[in-house]
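Following: one structure in structure tokens, then a few remarks.
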Amino acid sequence: DAIPSADQIRITTSLKSQRGSVWTKTKSIFEYWEVEVTFRVTGRGRIGADGLAIWFTEEQGLEGPVFGAADKWNGVGIFFDSFDNDGKKNNPGVIVVGNNGKLLYDHQNDGSTQALASCQRDFRNKPYPVRVKITYYQKTLTVLINNGFTPDKEDYEFCAKVDDMVLPSQGYFGISAATGGLADDHDVLSFLTFQLTEPGKEAPTPDAEIPQKDKEKYQEEFEHFQQELDKKKEEFQKEHPDVQGQPGKTTCPFLSSADDVFETVSDRELRQIFEGQNRIHLEIKQLNRQLDMILDEQRRYVSAVTDEIAKRGTGVPGQHGQASQEEMERVVKTQEEVIRQVNEMRNSMADTLRLISGAQHPGAAAGVYETTQHFNDIKEHLHVVKRDIEHLVQRNMPSSEKSKCPDLPPFPSCLSTIHFFIFVAVQTVLFIGYIMYR
């Protein structure tokens, strides 16, 4: 079902139960290689199916049930799976599956039982084409992906890596796609193959250029194919005159019963905004729980110090006991100040949660500025708490003139102060950056 054109190949159209693939005509003899593939997966549905696959196999898998190609392949397939067959909500995802020519692909579990490596990436409906770089060098397969959010062609991020992978010394490269009950357009814009050589070794001499006879043969095949394609277009236009020039007036009866499957561009953008706000909401709730834990620890510390003051006050007479009691009181006051500051932070977090909850409904965009202000207040409170704690540490440094505070029993801590400050600072920067980006 693949449809080639001058600038791309549509492996499958957005129709149900389609299969298509493209394969090299001759085997690759590269010991180490790298491929760069540029493709688009687009569809009107919130979810798509089935997906797209990039292959390096000993034989051509021209057609079959595995994303449009044959099963029981000998080599490796990198699958871009759009549909969640196992219901684990981990799709769209990228899965690397190897095969020795004997295994059947596990469709029901999305290949999770056979995956050598995987990563979760959403490659559907991106503003720019998605780019994938697959490298096989010294028995190590690496998959890098450009997620299609930027026009920068070299903006790759790590996806998966498989060590000690043995592939056939010679094989065919291919790319395939398939649709099921749901459908996407799977378009391949480029497929570049490179040979890799070890540093210090001379690159093998390239083969001679294609003979003139073969060039003429390939050119004739291409022109013949173009003529057939033009004829099919003309026949289709004659058989469907109502479709010509009126793409907006075609009717699809099944759409009326499945409107909830499709979404407009504005609905998609709004859904992405809500998903981002939900993630921020959850992070702030987790931070609020951690603040409660810190408050409990501070209260236990203050109560322990107060008990120690009472013991020192009854058991140590004279000026020395009086001086020690004054120091203990200062420690207690400082701890109470810390608790007060953390309570203020907690109140600010609660206000921020309310603002974000309100912003998740249409028409609440005006709360973004207030949310930013609350995060600035949180930063100020954090600076105050940090300054108080540093002052407390400096004032209680051991010296020959001051008496040391009593050793307190260790209290379990789920979160250190430094990690807490780093976490809050990173979350604040990310949230402000997200608001500025929107």
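The values are calculated or read from the model by the stated rules, or taken from the named source; none is laboratory data. Note that the coordinates shown come from a computational prediction; the quantities given were computed from them, not determined experimentally. All Cβ positions, even for glycine, are placed from backbone atoms using ideal geometry, and neighbour counts span all protein chains on display. These area figures cover heavy atoms from the full protein model, side chains too; ligands, DNA and RNA do not enter into them. Shrake-Rupley method; radii C 1.70, N 1.55, O 1.52, S 1.80 Å.
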Consider Ile9 carefully, then state whether it is of a type in the set (A, V, I, L, M, F, W, C) and open to solvent by 60 Å² or more (accessible area, probe 1.4 Å).
no
Residue check: is Ser118 in contact (Cβ under 8 Å) with a residue 12 or more places away in the chain, of a type in the set (S, T, N, Q) and in a strand (DSSP E or B)?
yes
Looking at (1) outside any loop (DSSP other than H, G, I, E, B); (2) open to solvent by 40 Å² or more (accessible area, probe 1.4 Å), can you tell me which one Phe39 breaks?
(2)
Reported set for the stretch 65-87 where residues are in contact (Cβ under 8 Å) with a residue 12 or more places away in the chain and in a loop (DSSP other than H, G, I, E, B) is Pro65, Phe67, Gly68, Asp71, Lys72, Trp73, Ser82, Phe83, Asp84, Asn85, Asp86
For the list (1) touching a Lys or Arg at 6+ places or on another chain (Cβ under 8 Å); (2) outside any strand (DSSP E or B); (3) surrounded by fewer than 19 Cβ atoms within 10 Å (Cβ to Cβ), I need the number of the one condition that Gly48 fails.
(3)
Looking for something among the charged types (D, E, K, R), open to solvent by 10 Å² or more (accessible area, probe 1.4 Å) and free of Cβ contacts under 8 Å to residues at least 12 places away in the same chain - is there at least one such residue anywhere in the stretch 93-107?
yes
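Yes or no, residue by residue, for (1) at pLDDT 95 or above; (2) open to solvent by 80 Å² or more (accessible area, probe 1.4 Å); (3) outside any strand (DSSP E or B):
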| position | (1), (2), (3) |
| --- | --- |
| Ile134 | yes, no, no |
| Thr150 | no, no, yes |
| Asp155 | no, no, yes |
| Ala160 | no, no, no |
| Asp164 | no, yes, yes |
| Leu167 | no, no, yes |
| Phe173 | yes, no, no |
With surrounded by fewer than 22 Cβ atoms within 10 Å (Cβ to Cβ), out of contact with any helix residue (DSSP H, G or I) (no Cβ under 7 Å at 6 or more places or on another chain) and part of a strand (DSSP E or B) as the only criterion, which of Trp33, Trp55 stands out?
Trp33
Among the residues of the stretch 259-311, write down those that are small (Gly, Ala, Ser) and either farther than 24 Å from Val342 by Cα or crowded, with 16+ Cβ neighbours inside 10 Å (or both).
Ser266, Gly276, Ala310
